[in-house]
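Encoded as structure tokens, the structure appears first; notes follow it.
The values are calculated or read from the model by the stated rules, or taken from the named source; none is laboratory data. The model shown is predicted, which means the values in this text are computed figures rather than measured ones. Cβ atoms come from the backbone with ideal geometry, glycine included; neighbour counts cover every protein chain shown.
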């Protein structure tokens, strides 16, 4: 009898273990939702600040202040954003970073640092991202964008401003508890490596990935030395499935470019390995690698399952390759309603897609706010 009860107990333990694995993540989400509710009641966000680094999928208007062709401060960009005016976001409306800020309780979005926004707004963080930037300094130089080292210098300026506002002790807490998000790498491949015959001759995709990730490692180390302890970095998206990529590199085939997606997967695997090395070397660092590849690939390959009807073409112009100046108010063929489109232009998601991606990223990044 006792032996029977022993086996039943073991069975129940295993069943409970399986149930906990299934419900454990959902429980974390419920805890997060509860935290959000409490945050809204108290009128405070879940973290003291959000700081954003990277490229065009994160740029909220820094390039407006640069002498570069990579701008989005004209219609139809921003037509579905607040006041229906362009801000410099490469989207019809909100970016994923905007939604993340909303979800964790911020009433305003981190302002683009070069806008020299109201100083009080900067207390909640700032956006340093620049369209055309990447892990490689050469990529940013090609497109007159703000390189990651320069973004880091601006971040140090921001830190000094915060210290001036609230003093060293509180500022240190803001830097260590604030969330820092980085998105880069796509421009390095699409706008530099793949279109540069000299680079392709000298370096394999794997070698280029190694060079880029050395820059990533250094960037995170530098943030750590500045007191940062919570960092999220996005993987490369399915680069070969972007409408512009298919048009330019697809050899006339109307399908995702497998070799480019293969490079993205390779890079993402190395990014995960590099991030694990960083955590091993800095045990008090919370570093989350946000998988953007699979969530976006799911929207692209199964649009109808996610409420979309078009994932091959962007909304703006022909939707095949346009971005920046080629997506403008005179672009013939621009759709009237972007909610059914995964992509806004040839390379950037719509607001509707960004909302879904932000929800997915937030779920992955619960550890950054717990």
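Does residue 132 satisfy the condition of being modelled with pLDDT of 95 or more, more than 29 Å from residue 172 (Cβ to Cβ), touching a strand residue (DSSP E or B) at 6+ places or on another chain (Cβ under 7 Å) and not in a helix (DSSP H, G or I)? Reasoning before the result, please.
On the way: modelled with pLDDT of 95 or more: yes; more than 29 Å from residue 172 (Cβ to Cβ): yes; touching a strand residue (DSSP E or B) at 6+ places or on another chain (Cβ under 7 Å): no; not in a helix (DSSP H, G or I): yes.
Taking the combined requirement at face value, the residue does not satisfy it.
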The range 283-311: number of residues that are out of contact with any strand residue (DSSP E or B) (no Cβ under 6 Å at 6 or more places or on another chain) and in a loop (DSSP other than H, G, I, E, B): 7
Residue match in the range 349-368 (condition: outside any loop (DSSP other than H, G, I, E, B), out of contact with any strand residue (DSSP E or B) (no Cβ under 6 Å at 6 or more places or on another chain) and free of Cβ contacts under 8 Å to residues at least 24 places away in the same chain): no
Hits in the range 94-108 - residues which are outside any helix (DSSP H, G or I), closer than 21 Å to residue 72 by Cα and at pLDDT 95 or above: 94, 95
Conditions (1) crowded, with 21+ Cβ neighbours inside 10 Å; (2) touching a helix residue (DSSP H, G or I) at 6+ places or on another chain (Cβ under 8 Å): number failed by residue 229: (1)
Condition broken by residue 258, with the remaining ones in (1) in contact (Cβ under 8 Å) with a residue 24 or more places away in the chain; (2) touching a helix residue (DSSP H, G or I) at 6+ places or on another chain (Cβ under 7 Å); (3) over 24 Å from residue 95 (Cβ atoms); (4) surrounded by fewer than 19 Cβ atoms within 10 Å (Cβ to Cβ) satisfied: (1)
Residues satisfying the stated conditions in the range 163-185, i.e. in a helix (DSSP H, G or I) and surrounded by 24 or more Cβ atoms within 10 Å (Cβ to Cβ): none
Subset tally (residues that are under 26 Å from residue 238 (Cβ atoms) and either in a helix (DSSP H, G or I) or touching a residue at least 60 places away in the same chain (Cβ under 8 Å) (or both)) for the range 147-162: 2
Candidate set: the range 40-55, residues that are over 14 Å from residue 180 (Cα atoms) and not in a loop (DSSP other than H, G, I, E, B); chosen: the one modelled with the lowest pLDDT: 40
Where residue 199 falls short, out of the listed (1) touching a residue at least 40 places away in the same chain (Cβ under 8 Å); (2) surrounded by fewer than 19 Cβ atoms within 10 Å (Cβ to Cβ); (3) touching a helix residue (DSSP H, G or I) at 6+ places or on another chain (Cβ under 6 Å): (1)
The range 221-242: number of residues that are closer than 18 Å to residue 162 by Cα and in a strand (DSSP E or B): 1
Yes/no for residue 261 being in contact with a strand residue (DSSP E or B) (Cβ under 9 Å, 6 or more places away or on another chain) and assigned to a helix (DSSP H, G or I): no
Matching option when the condition is closer than 28 Å to residue 92 by Cα and modelled with pLDDT of 95 or more, among 359, 276: 359
Any hit, the range 312-321, residues being out of contact with any strand residue (DSSP E or B) (no Cβ under 7 Å at 6 or more places or on another chain) and buried (at least 23 other Cβ atoms within 10 Å of the Cβ): yes
